[in-house]
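Asker: One structure, as structure tokens, below. Some questions next.
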Amino acid sequence: MAKRRKRGEGSVHLRKDGRWEGRAVIGYDDKGLPVTKNVLAKTKSECAAKLKVLQDSIQTPTSDQPKPGILLADWLDFWYQSYKKPNLRPNTQMSYERRIYQHIIPALGSTQLNKLTTNDIQQFYTMLKQGGRLLRAELYGEGLSDQTVRGIHTTLHAALDKAVSEKLLFRNPADGCRLPPAKAREMQVLTPEEIQRLLIQAKEDGCFELLLLELSTGLRRGEICALQWGDLNFRTGELRVERQVHRIKGELVVSPPKTKAGNRSIILPAPVLSALKSYKEDVRSKWIFPSPVNENSPRDPATVRKRLQTVLQRAKCKKVRFHDLRHPNVKPKTQTF
């Protein structure tokens, strides 16, 4: 078990850019929120040494009493902006911001941090389940899903845990909350006959190669939309996965995969290679699946999801998610087309 750092020792963590960051509280502002200062280094030991020098040069707050009067809204904003946002990917930032600024703060933000109770939080979760949905309530119902409520709890609990470690609270009031059950969503799998009907209809709808490649590789939507012809070696059949496409604040963004394991190579079956080679003759873009409205831009993963649902409906197949295509019962028989 890792040794837990004592209060006042500061914190050291590895950043996504490969550097180590140390952070310590050097005081409190007018609202009672911690004022922090950080140091950066190439190695963990060097970072710890720099942090020690920083702490020796300042007067560390010694009061063991929680700071009164801090609003939960102010603490959440400070915690997110100072501790979480700098190390999050853009898509993850959006998730945190929805939870904090659209759900937690409007409901609980005016409550003083040291007066927030377990019952306050439990009633908040109940409200989310009954009528917390802000968009598309006519399609999905008034309440948020169990998974979304659990995600909001995870964010709030982490922020309150940090408040405890910074001596702003004696205990975390979210500890005793009862959460919705964590239920795995049942996967829908197409039958061999449905896969054949899907590919026949996909040819009619102009997305045969994309769905054929998905059925053969199980790539994520963002990964398949980010593929370029330079990633595919027709001689060896190797397909490199090196990037993903996602939408941030209305704009398509291309970025590396979330993890190092996301950078990988896949060997394509000969029939899939043959289909892509024929398809390439009609494509005038570096992207394997360019946008229908701009060949210099990759296809939007959201349009791929919508197109799949249209093709499934026309092919009289059961409704499945794009992610579920990664688990077909059989590989598609491309030679029949």
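The values are calculated or read from the model by the stated rules, or taken from the named source; none is laboratory data. The shown structure was predicted, so the numbers you read here are calculated from the model rather than taken from an experiment. Because the Cβ atoms are built from the backbone with ideal geometry, glycine has one as well, and the counts that use them run over all protein chains shown.
Asker: In region 219-270, which residue that is under 23 Å from the mean Cα position of the chain (by Cα) and at positive phi is modelled with the lowest pLDDT?
Answerer: Among them, the one singled out is Lys249.
Asker: Next question. Please indicate, with yes or no, whether at least one residue in region 120-136 is closer than 25 Å to Pro34 by Cβ and either part of a loop (DSSP other than H, G, I, E, B) or among the hydrophobic types (A, V, I, L, M, F, W, C) (or both).
Answerer: Taking every residue of region 120-136 in turn, at least one turns out to be closer than 25 Å to Pro34 by Cβ and either part of a loop (DSSP other than H, G, I, E, B) or among the hydrophobic types (A, V, I, L, M, F, W, C) (or both).
Asker: With the requirement that a residue be of a type in the set (S, T, N, Q) and touching a strand residue (DSSP E or B) at 6+ places or on another chain (Cβ under 6 Å), what does region 187-227 give you?
Answerer: Thr217
Asker: Now for a separate question. I'd like to check something: does region 165-181 contain any residue that is at negative phi, touching a Pro at 6+ places or on another chain (Cβ under 8 Å), not hydrophobic (A, V, I, L, M, F, W, C) and not in a loop (DSSP other than H, G, I, E, B)?
Answerer: no
Asker: Further question on the same structure: Only one of Ser291, Ser285 is out of contact with any Lys or Arg (no Cβ under 8 Å at 6 or more places or on another chain) and either under 19 Å from Thr217 (Cβ atoms) or assigned by TED's automatic domain parsing to the domain that holds Arg321 (or both). Can you tell me which?
Answerer: Ser285
Asker: Checking the conditions here, which among Ser265, Ser285, Ser278 is among the hydroxyl-bearing types (Ser, Thr, Tyr) and assigned to a strand (DSSP E or B)?
Answerer: When all the criteria are applied, what remains is Ser265.
Asker: Can you tell which of Gln130, Gln81, Gln112 is without any contact (Cβ under 8 Å) to a residue 60 or more places away in the chain and either among the aromatic types (Phe, Trp, Tyr) or surrounded by 13 or more Cβ atoms within 10 Å (Cβ to Cβ) (or both)?
Answerer: Residue meeting the stated conditions: Gln112.
Asker: Of everything in region 223-252, what is touching a residue at least 40 places away in the same chain (Cβ under 8 Å), of a type in the set (D, E, K, R) and either within 26 Å of Glu281 (Cβ to Cβ) or buried (at least 19 other Cβ atoms within 10 Å of the Cβ) (or both)? Give them in sequence order.
Answerer: Asp231
Asker: Quickly run through region 133-143 and pick out the residues that are more than 20 Å from the chain's Cα centre (by Cα) and buried (at least 17 other Cβ atoms within 10 Å of the Cβ).
Answerer: Within region 133-143, just Gly143 meets the criteria.
Asker: Return the pairs, sorted by first residue and then second, in which the second residue is surrounded by fewer than 14 Cβ atoms within 10 Å (Cβ to Cβ) and hydrophobic (A, V, I, L, M, F, W, C), the first residue lies in region 185-205 and is touching a residue at least 24 places away in the same chain (Cβ under 8 Å), the beta carbons are less than 8 Å apart, and the residues are 6+ apart or on different chains.
Answerer: Partner pairs satisfying both residue conditions: Pro192/Val330; Ile195/Val330.
Asker: Could you go through region 279-301 and let me know if any residue there is modelled with pLDDT of 95 or more, exposed (fewer than 15 other Cβ atoms within 10 Å of the Cβ) and of a type in the set (A, V, I, L, M, F, W, C).
Answerer: no
Asker: Kindly indicate whether Ser265 is without any contact (Cβ under 8 Å) to a residue 60 or more places away in the chain and small (Gly, Ala, Ser).
Answerer: In short, yes.
Asker: Look through Leu33, Leu40, Leu72 and report the one residue that is over 24 Å from the mean Cα position of the chain (by Cα) and at pLDDT 90 or above.
Answerer: Leu72
Asker: Also, I was wondering about something else. Kindly indicate whether any position in region 144-159 is under 19 Å from Ser11 (Cβ atoms) and crowded, with 18+ Cβ neighbours inside 10 Å.
Answerer: Yes.
Asker: Filter region 115-127 for residues that are touching a residue at least 40 places away in the same chain (Cβ under 8 Å) and not aromatic (Phe, Trp, Tyr); which is surrounded by the fewest Cβ atoms within 10 Å (Cβ to Cβ)?
Answerer: Only one residue tops the list, namely Thr117.
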